[in-house]
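Enquirer: Provided herewith is a single structure, encoded as structure tokens, for subsequent inquiry.
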């Protein structure tokens, strides 16, 4: 799954929120802030866990205000060993 989350999602703990949930759900991949103010998420794992993460992206931490989540699914590449925050 690849997702771009927009709204008030930077400077509010959104990456830590995604990191915690992705690891809890057993997903691999990464999350990072983008220069345009969005947050990008790339995650791999089983379908139900990816579905749960996709729903959780609409919530975010308390200080976040998510306006939109654009996500797409593609075949897993198996290129990740864990889930990390990228800078």
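Enquirer: Out of everything in segment 44-60 that is in contact with a helix residue (DSSP H, G or I) (Cβ under 9 Å, 6 or more places away or on another chain), within 20 Å of residue 12 (Cβ to Cβ) and at pLDDT 95 or above, what residue ends up being surrounded by the most Cβ atoms within 10 Å (Cβ to Cβ)?
Expert: 57
Enquirer: Answer yes if at least one residue in segment 10-30 is on the phi > 0 side of the Ramachandran plot, surrounded by 14 or more Cβ atoms within 10 Å (Cβ to Cβ), touching a helix residue (DSSP H, G or I) at 6+ places or on another chain (Cβ under 8 Å) and assigned to a loop (DSSP other than H, G, I, E, B), and no otherwise.
Expert: Residues of segment 10-30 that are on the phi > 0 side of the Ramachandran plot, as a first pass: 11, 13, 26, 29.
The next check asks that each one be surrounded by 14 or more Cβ atoms within 10 Å (Cβ to Cβ); those that pass are 13, 29.
From the residues that got through so far, the ones that are touching a helix residue (DSSP H, G or I) at 6+ places or on another chain (Cβ under 8 Å) too are 29.
Cutting the leftovers down to assigned to a loop (DSSP other than H, G, I, E, B) gives us none.
The answer is no, given that none of the residues of segment 10-30 is on the phi > 0 side of the Ramachandran plot, surrounded by 14 or more Cβ atoms within 10 Å (Cβ to Cβ), touching a helix residue (DSSP H, G or I) at 6+ places or on another chain (Cβ under 8 Å) and assigned to a loop (DSSP other than H, G, I, E, B).
Enquirer: Identify all residues within segment 44-72 that are in a loop (DSSP other than H, G, I, E, B), more than 19 Å from residue 7 (Cβ to Cβ) and within 13 Å of the chain's Cα centre (by Cα); write none if there are none. Spell out the reasoning first.
Expert: Going residue by residue through segment 44-72, those that are in a loop (DSSP other than H, G, I, E, B) are 45-46, 58-64.
With the extra rule that they be more than 19 Å from residue 7 (Cβ to Cβ), the set shrinks to 45-46.
Result: 45, single match.
The values are calculated or read from the model by the stated rules, or taken from the named source; none is laboratory data. All of these numbers come straight from a predicted model, not from anything done at the bench. Here the Cβ is made from the backbone with ideal geometry for all residues, glycine too, and neighbour counts use every protein chain on show.
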